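Here's the structure, in structure tokens; my notes come after.
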Amino acid sequence: MFTKTINAEDWLATLRENGCKVTEALVVLVHVFVQSEYPLSAEQAWVTARQSRPETGRATVYRIVEKLEGLRLLRRVHGYKGCSHFIPVLPEALMLFICLQCQRVVYLDRQPLNELVATTAQSAGHHIAESRIQIFGTCTTCLQRKNPSSISQGEKL
């Protein structure tokens with residue numbers, strides 16, 4: 001498992017290249033999503049953005065989220081709290097692991113995904129342009145919290 005870092009300046013450059021006016025609210029919101037370890041709803045992003053910029057409007061946040069999703073900077077996490085939560089999109093196809101306990105998102109190594117997509121495309125004769133695999137479960141941190149005595153019976157003796 002690994003966590004990828006996303007550069008907020010790259011997002012802002014993409015927004016400028018697509019004709020977006022880069023406002024203070026937009027910059028704040030970009031940083032909110034880039035720095036979050038958890039999927040955020042537009043409402044949660046609005047609450048977080050207001051901590052550093054209290055005058056940020058709810059409608060503004062919803063419009064910005066829609067724009068970020070349209071530019072493929074954000075993606076919806078399907079099957080997670082009604083599909084209304086978003087995470088940053090990474091440039092390469094990665095498997096997404098979402099902990100059902102702490103809600104943290106972790107990107108998993110893409111090698112197994114690449115092999116699966118290539119095999120599927122080859123056997124079906126299709127061209128696969130994009131894939132999204134989301135895995136839900138319990139992360140190692142939450143598992144350790146749940147069962148702090150992770151020492152096996154054989155080691156206790």
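Rule-based calculations on the coordinates, nothing more; no lab input. Worth saying up front: this structure is predicted, and the values here are computed from it rather than measured. Here the Cβ positions follow ideal geometry from the backbone for every residue, glycine too, while neighbour counts run over all protein chains shown.
Here are the numbers:
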read-out: Rel. contact order, % - alpha carbon contacts under 8 angstrom, at least six apart, region 1-70; value: 28 percent
read-out: Cα-based shape type of region 1-89, given that a ≥ b ≥ c are square roots of the gyration tensor eigenvalues and the cut on a/c is 1.5; value: rounded
read-out: Hz values of 3J(HN,Hα) by residue in region 112-128 - Karplus curve (6.51, -1.76, 1.60), Gly and Pro given as x; value: x, 5, 4, 5, 4, 5, 4, 5, 5, 4, 5, 5, 8, x, 9, 9, 9
read-out: Protection proxy ranking of 51-57, 65-71 - average other beta-carbon atoms within 10 Å, highest first; value: 65-71, 51-57
read-out: Environment charge at residue 26 (Cβ cut-off 11 Å; Lys +1, Arg +1, Asp -1, Glu -1); value: +4
read-out: For region 31-42, Karplus couplings with θ = phi - 60° (6.51, -1.76, 1.60), whole Hz, Gly/Pro x; value: 5, 4, 6, 5, 8, 6, 8, 10, x, 10, 7, 4
read-out: Under 5 Å, built H, 5+ apart or other chain: amide partners of residue 41; value: 86
read-out: Packing-based ranking, highest mean first, of 132-143, 35-46 given that Cβ atoms within 10 Å are counted; value: 35-46, 132-143
read-out: Amide proton proximity set for residue 133, modelled H, under 5 Å, gap of 5+; value: 96
